[in-house]
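Everything below concerns the one structure shown next.
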Amino acid sequence: MKRIVILASGTGSLAQEIINADFSDVDGEVVAVVCDKPGAQVLQRAEAAHIESYLIAMIDDRAQWNRELETLIAALRPTLVVSAGFMRILPEAITTRFKIINSHPALLPAFPGAHAVRDALAAGATETGTTIHWVDAGVDTGEVIAQEKIEILASDTEESLHERIKIIERGLIVATIRRVLPTLEQ
Ligand code: GRF
């Protein structure tokens, strides 16, 4: 069985979509959710789905936190790590050791970083979307695997636009996991 480990920090609607999906046709299974935010809704979602969840709250010693996260992920023996709303930059030790994909709410290379939706609006962009990419040591610089576009409406606020992006993100991240898993060793 190919083991999927989800990293998430917040609401967890993308994580929920992945948890709800059936990957048995590609020999995959979600085995754990790892979160860095105490009380995050994604932890409740994992519990409700009877999926192991781990909280690794940020500490002052970032290098120590990086090591603890690497040790935790290694212990979970992932075939694929899926960053689904995980709002921490992963150290090179982790990005070079594990196969990791990330979902980003913009059409990379445009609008990388933590405020992609806000930045697209501020730039007066007429379209944006979502990108699923491999994670490397940079910020949203890894090889693009899949993208989907949406139009930005004149009436859009950051919140309304982000919610519309999440709708396509949820579908694309599940489709991408289904596409990528068969290419990975156990
Ligand atoms: C997603 O839009 C993701 O691209 C971004 O954070 C959001 C997470 O949404 N990094 P949710 O917590 O899964 O609802």
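Here is how the numbers come out for the structure above:
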{"quantity": "Convex hull volume of segment 73-186 per residue (C-alpha atoms, cubic angstrom)", "calculated": "94"}
{"quantity": "Cα→Cβ-extended label distance, 7 Å offset, between residue 153 and residue 44, nm", "calculated": "2.8"}
{"quantity": "Alpha carbon convex hull of segment 1-127, volume per residue in cubic angstrom", "calculated": "127"}
{"quantity": "Relative contact order for the chain, counting Cα pairs under 8 Å that sit 6 or more residues apart, in percent", "calculated": "22"}
{"quantity": "Point-to-point label distance, residue 71-residue 122, nm (Cα→Cβ direction, 7 Å offset)", "calculated": "3.9"}
{"quantity": "Centre separation in Å (Cα based) which lies between segment 115-179 and segment 17-65", "calculated": "21"}
{"quantity": "Charge-dipole axis of segment 45-186 as Lys and Arg at +1 and Asp and Glu at -1 on Cβ define it, positive-most pick from 55, 125, 79", "calculated": "79"}
{"quantity": "Hits among lysines - C-alpha to C-alpha of residue 149 under 27 Å, sequence gap 8 or more where chains match", "calculated": "99, 166"}
{"quantity": "Portion, in percent, of the accessible area of the chain that falls on carbon or sulfur, probe 1.4 Å", "calculated": "51"}
{"quantity": "Exposure rank, largest accessible area first [183, 128, 157; 1.4 Å]", "calculated": "183, 157, 128"}
{"quantity": "For segment 63-145: relative contact order, % (alpha-carbon pairs under 8 angstrom, 6 or more apart)", "calculated": "27"}
{"quantity": "Label-to-label distance, nm, for residues given as residue 60 and residue 146 (7 Å Cα→Cβ offset)", "calculated": "4.4"}
{"quantity": "Within a Gaussian network of the chain (alpha carbon springs, distance under 10 Å), most fluctuating of 171, 124, 142", "calculated": "124"}
{"quantity": "Mean Cα-pair separation over length for segment 105-179, i.e. relative contact order, pairs under 8 Å, 6 or more apart, %", "calculated": "32"}
{"quantity": "Sum of -39500 (n - 2.57) over DSSP H runs of 4+, divided by residues of the chain (222 nm, nearest 500)", "calculated": "-10500 deg cm²/dmol"}
{"quantity": "HN-Hα J in Hz across segment 157-170 - Karplus 6.51, -1.76, 1.60, θ = phi - 60°, x for Gly and Pro", "calculated": "9, 4, 5, 5, 5, 4, 5, 5, 5, 4, 4, 7, 4, 4"}
{"quantity": "Highest-MSF residue in the chain out of 110, 122, 84 [GNM, Cα springs under 10 Å]", "calculated": "122"}
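The values are calculated or read from the model by the stated rules, or taken from the named source; none is laboratory data. Fair warning: this is a prediction, and the values are worked out from it, not measured in the lab. Using ideal geometry, Cβ is built from the backbone for each residue, glycine included, and neighbour counts are taken over all protein chains shown. These area figures cover heavy atoms from the full protein model, side chains too; ligands, DNA and RNA do not enter into them. Shrake-Rupley method; radii C 1.70, N 1.55, O 1.52, S 1.80 Å.
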